[in-house]
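Student: Attaching a single structure in structure tokens format; questions to follow.
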Amino acid sequence: MIYYKKDNQDIVIITLDMSGRRVNIINHEIAQVLLPALKLLEKSAKAGSLRGVIITSAKPTFLAGGDLDYLHKAENPQDVFEHTEILTTIFRRIEQLGVPVVAAMNGSALGSGYELALACHYRIAWDSPNTLIGLPEVTLGMMPGGGGISRLTWVLGYEKAFDILSKGRKMHVKEALQRGLIDKIIVDKSDLIREARDWILSEPDIVKPWDKSDSIPTHINPQRLKNSRLIAAMNADIARKTYHNYPAVQAIFNAMVEGAFVDFETATRICSRYFTSLISSKTCLNMTKAFWYDLNKINKGASRPKGFGRFRARKIAIIGAGIMGSGIAYTSALAGIEVVLKDISVSIAEQGKEQSRQALDRLVNLGKMTTEQKEEILERIHTTQHSSDFEDCDLVIETVFENPDLKKRIARDTEMHIHRDCFIASNTSTLSISDLSEACAQPKNYIGMHFFSPVATVPLVEIIYGEDTSKETISRSFDFVRQIGKIPIIVKDEYGFYTYRVYRSFLLEGLALLQEGQLPNAIENAARLAGMPDGPLALADKLSLPKLLEFEINTHQQKDHPGLIVAEKMVKELNRKGKARQAGFYDYNKQKKVEFWAGLEECFPQDKEQLDQQLMTERLLFVQCLEAVRCLEENILQTNAEANLGSIYGWGFAPFKGGVLQYINDYGISEFVARAQELESLFGKRFELPALLKEMNEKQLNFN
Amino acid sequence: MQEAYIFDAVRTPCGRGKVYGSLHEVKPIDLLCKMLHALQERNSLDTKEVDDIIVGCATPVGEQGGNIAKSAGLYAGWPETVPGMQINRFCASGLESINLAAMKVRSGWEQLLVAGGVESMSRVPMRSDGGALYNDPAVNSKVNYIPQGVSADLISTIEQFDRTQIDQYALQSQQRAFHAQEAGYFDRSIIPVYDINGLTILDKDEHLRPESTLEVLGQLPPAFAALGKQGFDAMAIIRYPFLNEIEHVHTAGNSSGIVDGAGLVLIGNKEKGEALGLKPRARILAAAASSSETTIMLQGTIPSTKKALKLAGLEAKDINLWEVNEAFAAPVLKFQRTFDIDNDILNVNGGAIAMGHPLGATGTMLLSTLIDELERRQLSIGLATMCTSGGMGVTTIVELV
């Protein structure tokens, strides 16, 4: 519902307060209540008894955005289009009310929530650390549907508007102000309404530029030579960045440009049509599934052991101030946790802390943080060389080299310096947690936490439980990972865990293609076009080829995998072990551009028959999906959600496909099964169908 | 020699050529693409067999420029091996493209073509392309080029058509078009325009004003009197010194409407048609272009029609149905007088006064209407003709097979 209150200066305050919800969202309900209110406002404006309108919210946020549940399930494009047009019309009527309308943003305004604010004539936001402003639709494969694209394009021009629309980043109010998304910031929340009222009484110009003139302004007129060159260049940049895999990014740009050929009403209708098309697109379905439903499922604790109270780490210790250790220290300190950063000497630990200082300096320089805030965060990181400083820590994370003996020794030493309720986590990507915990007196308090590099930006942490790890330790680990704002996936202690095990299947498939005589460039581009972050040969170099071999040696999984022949030849015969040695599939010479090693063609001669790009792409993706299903089958993971997000954030599986399992849904499970069988007959047992997949296909189930 | 056959003809409905017109939101390339898809689907066309796409457009700049024919072919997903070219014969572009395609087929060097036209007048307004005839004073004064509306008034002045006669003709166009629309005579050729979601944007011509009466039409102010006064009347009289003044009878009601639309036809020889399972609907008997005096401009249809009749070995009385573009009422009446055409076989389903004149697309639409109507009436020979800027005329004669 909404509250409608008119004061003695003829200013109406509309307060949004949807019943039964924690936040206000834009849905059918709000349209139902806004329309009568709008009618009333229009009537008073016409009668001259309205001086202005202030829109605010009774919730901690202003307006959270669209109704994803409705959009995710919507099947009839006519309904979606009409729903969008209603929204667009409401916003347009607010804009054309004839009196000043102010968005008094007492909290976050996101998506269509921000679009409402954008339709107002003035936007004031309360500067709270929790207030986020932005149009994140694109991150779910959608676009703003309420005319916001047209408004931003007019106001900010192509480049600035597209930067905001195509990245979908949620920003704090200072940045939003700087980028022109809001007009004013207030520090004291109680000033919000007063400021809004003052602005209304200042008799501002409230006619939007697109209502002042019929003609398209020169700065966005696509027919101007300067703009037409800019548009072509921006469009090429989209291709470079997305490989045409993100229809929403393209639709946003199309709508921006096409809107600049026509009047405002037509421009917003064009947006509604694109919006409707995205809602029913597979990409939107995939991305909403992964980045909304799967993410919420994980964060709500679908895999967290039940029955344990919420754990909050007050103080933690990190052993090892290298790249990973200092990254974890930084991320934890940012989240408000006291951190003891230990290395063999204080000066080495200080070097690790220096990483945090540099990262924070960047934030200060970007205006995202004050110097005081920076100092406060840095003060939370205490460097040391003594384990005795662990005594009041709730968690110790060990981040030393992947050396089992060293890790065991540290675990033993750590146990002697911690209190009973403290637990120990080892940051490892492959070592067995059960093995490492053998050294511990309390293996139930020992767990694996696989952080990804760079820690500050990769949002995933693999939590690995050993044979003896207690459920409580798992639940506390889960809570800690959430506390530092990361996504936890809970994984059984099998070699390679989840992420590495599946990731390597992708790398090996790339190597197999090379063994078959496919052109290296074609292999790399097939992966990039498929949405992987880079080509398998480049990524295998980065990982190091001996490490790739090690897995197979340790697991004896697929000794006859054709990719192994390549890895062995590279390591044993050619002594080209990867990027760290500056020699792998590529030559890494700092003075020169990174290029394929000149001897590659001779060692792996080109086959006369070059495979179709589509087939290569499918092979590279299918191996990953099949391996992920095997992990599910073997209970390495509990939920599909973790498999999906683990794949996207763990190794960069095509986000627009929604992750490894959603890719199977997207492909169609029966089509996927049929195709996998074809691939198996052509390329071997690694494409063999896991029983789980066969069973699901028979029962016509999806990976929900 | 190869004969040229028309296998199919499609067109969009015409949308009002204004900001509030239904097709304003649709880009010209999309109008064209939808027609390419319609031809492809309706005929299960193996598009790689198409030798060329020829698209006429009277204002080939901006979104309509840059060879929209090839652009649309690529955008429609047709094979990269199919070329495309854009032509400009002003208002007759959409008929000229068909004639050119027919000539290519008859040359024996090409077997199957798509020809037609497109014009989004709401998005790319007339004269967006400038041009020397109108914008270059040296050229304009030498050739004595005046606005077409003034030329139309010049014709009516010389021919002594009075305002009532002109309005009467306009009313007939409205009534005939509305009747044809209601009776579904246009349905065979009209392809509704859908958006990317399959939602209908426009499914019938929206420029019609069936509520028109002679009285209402009579009250409309002359549209070109002010232009005339600016000096264009004087320019007309310089060329036609036997006149004292120009009587301005043309109004928004008896001139063609400004609309958006596109149309395409599929043309080829018999052999190719048989190979692809295409059924010929009509044979092109003759195609001709000509030109006449520039200032009066709108009478080029007369020499081009004479030329076409001669090529076909026909006389005017042999034509069963005539489609003469209603750019304005007067040129049609003048044409009718010249060839002594019975009113019952001239523009029998109305024309551009009622439905609008999407410049580069009109000729194609005229031909599709003509063939549809010949079939409906089970007649044989039809003639379509268009006058254009610069005094040119284009004529096509078809015979049902």
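The values are calculated or read from the model by the stated rules, or taken from the named source; none is laboratory data. This is a predicted model, so every value here is computed, not measured. Cβ: placed from backbone, ideal geometry, glycine included. Neighbour counts: every protein chain shown. These area figures cover heavy atoms from the full protein model, side chains too; ligands, DNA and RNA do not enter into them. Shrake-Rupley method; radii C 1.70, N 1.55, O 1.52, S 1.80 Å.
Student: Have a look at A:637, A:626 and point out the one that is of a type outside the set (Gly, Ala, Ser) and in a helix (DSSP H, G or I). Quick ask: steps written out before the conclusion?
Tutor: Details: A:637 fails: in a helix (DSSP H, G or I).
Sole residue among the options that is of a type outside the set (Gly, Ala, Ser) and in a helix (DSSP H, G or I): A:626.
Student: Which of (1) open to solvent by 10 Å² or more (accessible area, probe 1.4 Å); (2) within 14 Å of chain B (Cβ to nearest Cβ) is the odd one out, the single condition residue A:121 does not satisfy?
Tutor: Failed condition: (2).
Student: Considering B:167, B:205, B:195, B:233, which residue is on the phi < 0 side of the Ramachandran plot, of a type outside the set (A, V, I, L, M), open to solvent by less than 50 Å² (accessible area, probe 1.4 Å) and within 14 Å of chain A (Cβ to nearest Cβ)?
Tutor: B:195
Student: Could you list, in sequence order, all residues of segment B:311-324 that are without any contact (Cβ under 8 Å) to a residue 12 or more places away in the chain and either open to solvent by less than 50 Å² (accessible area, probe 1.4 Å) or not acidic (Asp, Glu) (or both)? Even if it seems obvious, please write down each step before you answer.
Tutor: Just the residues of segment B:311-324 that are without any contact (Cβ under 8 Å) to a residue 12 or more places away in the chain, to begin with: B:313, B:315, B:317.
Hits for segment B:311-324 are B:313, B:317.
Student: I've got another one for you. Quick check on my filter: what residues within segment A:314-348 are crowded, with 21+ Cβ neighbours inside 10 Å, part of a helix (DSSP H, G or I) and among the small types (Gly, Ala, Ser)?
Tutor: Across segment A:314-348, the qualifying residues are A:325, A:326, A:327, A:329, A:332, A:333.
Student: Would you point out which residue out of A:358, A:373, A:351 is more than 25 Å from the chain's Cα centre (by Cα), open to solvent by 80 Å² or more (accessible area, probe 1.4 Å), more than 29 Å from residue A:419 (Cα to Cα) and not acidic (Asp, Glu)?
Tutor: The conditions single out A:373.
Student: So which residues in segment A:300-313 are touching a strand residue (DSSP E or B) at 6+ places or on another chain (Cβ under 7 Å) and either within 19 Å of residue A:703 (Cβ to Cβ) or not in a loop (DSSP other than H, G, I, E, B) (or both), if there are any at all? Walk me through how you get there before you give the answer.
Tutor: To start, the set of residues in segment A:300-313 that are touching a strand residue (DSSP E or B) at 6+ places or on another chain (Cβ under 7 Å) comprises A:303, A:313.
Within segment A:300-313, just A:303 meets the criteria.
Student: Another question about this same structure. Within segment A:222-254, count every residue that is within 11 Å of chain B (Cβ to nearest Cβ) and either in a helix (DSSP H, G or I) or open to solvent by less than 70 Å² (accessible area, probe 1.4 Å) (or both).
Tutor: Within segment A:222-254, residues that are within 11 Å of chain B (Cβ to nearest Cβ) and either in a helix (DSSP H, G or I) or open to solvent by less than 70 Å² (accessible area, probe 1.4 Å) (or both) number 5.
Student: When you look at residue A:283, is it within 14 Å of another protein chain (Cβ to nearest Cβ), within 25 Å of residue B:194 (Cα to Cα) and polar (S, T, N, Q), yes or no?
Tutor: no
Student: crowded, with 24+ Cβ neighbours inside 10 Å and over 20 Å from residue A:551 (Cα atoms), is that true of residue A:482? First the steps, then the outcome.
Tutor: Numbers: crowded, with 24+ Cβ neighbours inside 10 Å: no; over 20 Å from residue A:551 (Cα atoms): yes.
Against the criterion (crowded, with 24+ Cβ neighbours inside 10 Å and over 20 Å from residue A:551 (Cα atoms)), residue A:482 does not qualify.
Student: Name the residue that is farthest from the other protein chains (Cβ to nearest Cβ), counting only residues in segment A:255-280 that are in contact (Cβ under 8 Å) with a residue 60 or more places away in the chain and not in a helix (DSSP H, G or I).
Tutor: Within segment A:255-280, the match that is farthest from the other protein chains (Cβ to nearest Cβ) is A:260.
Student: Counting just the residues of segment A:22-45 that are without any contact (Cβ under 8 Å) to a residue 12 or more places away in the chain and of a type outside the set (Asp, Glu), which one comes out most open to solvent (accessible area, probe 1.4 Å)?
Tutor: The residue in question is A:43.
Student: In segment B:47-80, which residues are surrounded by fewer than 15 Cβ atoms within 10 Å (Cβ to Cβ) and in contact with a helix residue (DSSP H, G or I) (Cβ under 6 Å, 6 or more places away or on another chain)?
Tutor: B:79
Student: Here is a further query. If a residue has to be open to solvent by less than 50 Å² (accessible area, probe 1.4 Å), in contact with a helix residue (DSSP H, G or I) (Cβ under 8 Å, 6 or more places away or on another chain) and not in a loop (DSSP other than H, G, I, E, B) to count, how many in segment A:164-213 make the cut?
Tutor: Count: 6.
Student: Quick one: residue A:150 ticks every box in (1) buried (at least 24 other Cβ atoms within 10 Å of the Cβ); (2) over 20 Å from residue A:205 (Cβ atoms) except a single one, so which number is it?
Tutor: (2)
Student: I'd like to check something: does segment B:97-116 contain any residue that is open to solvent by 50 Å² or more (accessible area, probe 1.4 Å) and either at pLDDT below 95 or closer than 18 Å to residue B:351 by Cβ (or both)?
Tutor: The answer is no; no qualifying residue exists.
Student: Moving on. Could you please let me know if residue B:72 is part of a helix (DSSP H, G or I) and more than 19 Å from the chain's Cα centre (by Cα)? Outline the logic, then answer.
Tutor: Numbers: part of a helix (DSSP H, G or I): yes; more than 19 Å from the chain's Cα centre (by Cα): yes.
Considered against the rule, which asks whether it is part of a helix (DSSP H, G or I) and more than 19 Å from the chain's Cα centre (by Cα), residue B:72 comes out as yes.
Student: Out of segment A:8-21, which residues are touching a residue at least 40 places away in the same chain (Cβ under 8 Å) and either more than 38 Å from the chain's Cα centre (by Cα) or over 20 Å from residue A:106 (Cα atoms) (or both)?
Tutor: Within segment A:8-21, A:9, A:10, A:11, A:12 meet the criteria.
Student: Can you tell me which residue in segment A:649-676 is modelled with the lowest pLDDT, limited to those that are in a loop (DSSP other than H, G, I, E, B) and surrounded by 23 or more Cβ atoms within 10 Å (Cβ to Cβ)?
Tutor: Among them, the one singled out is A:654.
Student: Same structure again: For segment B:1-30, give me the residue count where each residue is within 14 Å of chain A (Cβ to nearest Cβ) and part of a loop (DSSP other than H, G, I, E, B).
Tutor: Residues of segment B:1-30 that are within 14 Å of chain A (Cβ to nearest Cβ), as a first pass: B:15-30.
So of that shortlist, the ones also part of a loop (DSSP other than H, G, I, E, B) come out as B:17-21, B:26-27.
Selection size over segment B:1-30: 7.
Student: Hey, which of the helices (runs of 4 or more DSSP H) in segment A:536-590, taking only ones fully inside, have at least 3 residues that are under 20 Å from residue A:606 (Cβ atoms)?
Tutor: So the answer is A:536-543, A:562-568.
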